[in-house]
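**Student:** Got a structure for you, questions after.
The values are calculated or read from the model by the stated rules, or taken from the named source; none is laboratory data. Everything numeric in this text was worked out from a predicted model, so none of it was measured. Here Cβ is always computed from backbone atoms with ideal geometry, including for glycine, and neighbour counts include all displayed protein chains. Accessible surface is based on the protein model in full, side chains and every heavy atom, while ligands, DNA and RNA are left aside. Shrake-Rupley method; radii C 1.70, N 1.55, O 1.52, S 1.80 Å.
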Amino acid sequence: MVYLVLGVVIWVGVHLVPALAQPFRQRLIAKMGNGPYRGLFSVVVLLSLALIVIGWRSTPESYLYVLPSWSRPLGFLLMVVAFILFGATHYNTAIKRFIRHPQLMSIVVWSASHLVTNGTTRALVLFGGLGVWALIEMPVINAREGSVELPEGPGLAAELKGVLISTIVFGVMLFLHPYFAGVSPLPT
């Protein structure tokens, strides 16, 4: 569990630095240069991911709560929403008129999905930790950046294309999930 907690803490810390510690970040960039700073940021993120994977795999399952029968179908539906939100970050969409940070919101929805389908301590640490981070990150970024102009919607055809691409990516990840997570997310 120590590696898992450490990985989540490093992930959260390194991602909050640009949002909460702009002067520190600017000093690092001035000292190192932008390219090396981005490289260091990437290495630390990869380190946090490695610790999360090692921690997850080495932490035995210890259940905190019993999962109701409706939790897997609900988790499945939430993941479809999470993928659509994540995809909305990468294309012009009306979603951005209502959700300023669709990628961070997708992490919140992803976290909720996994918390309703995993009642373990390690799930609470990983999914709860990253969900809380995303919830903190959104208002911090809003405060730093101030108000923004909401984009126009792209039209129905472009909107449907984006949702279709996100749904296809979801299908691929659904197929691959047993290979990288060890369990099938399909409702039984």
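**Student:** In the set Leu104, Leu130, Leu164, Leu150, which member is among the hydrophobic types (A, V, I, L, M, F, W, C), surrounded by fewer than 15 Cβ atoms within 10 Å (Cβ to Cβ), out of contact with any Gly (no Cβ under 7 Å at 6 or more places or on another chain) and part of a helix (DSSP H, G or I)?
**Tutor:** The conditions single out Leu164.
**Student:** Related question: Quick one: in segment 50-72, of everything that is assigned to a helix (DSSP H, G or I) and in contact with a helix residue (DSSP H, G or I) (Cβ under 7 Å, 6 or more places away or on another chain), which residue is surrounded by the most Cβ atoms within 10 Å (Cβ to Cβ)?
**Tutor:** Once the filter is applied, the top-ranked residue is Ile52.
**Student:** Within segment 4-25, which residues are over 19 Å from the mean Cα position of the chain (by Cα), assigned to a helix (DSSP H, G or I) and surrounded by 12 or more Cβ atoms within 10 Å (Cβ to Cβ)?
**Tutor:** Arg25
**Student:** Let me ask another. Is it true that Trp110 is of a type outside the set (Gly, Ala, Ser), open to solvent by less than 60 Å² (accessible area, probe 1.4 Å) and part of a helix (DSSP H, G or I)?
**Tutor:** So Trp110 fails the test.
**Student:** Got at least one residue in segment 73-86 being open to solvent by 40 Å² or more (accessible area, probe 1.4 Å), in contact (Cβ under 8 Å) with a residue 60 or more places away in the chain and not hydrophobic (A, V, I, L, M, F, W, C)?
**Tutor:** So far as segment 73-86 goes, yes, one or more of its residues are open to solvent by 40 Å² or more (accessible area, probe 1.4 Å), in contact (Cβ under 8 Å) with a residue 60 or more places away in the chain and not hydrophobic (A, V, I, L, M, F, W, C).
**Student:** What are the residues in segment 79-101 that are charged (D, E, K, R) and either part of a helix (DSSP H, G or I) or within 10 Å of the chain's Cα centre (by Cα) (or both), if any?
**Tutor:** Result: Lys96, Arg97.
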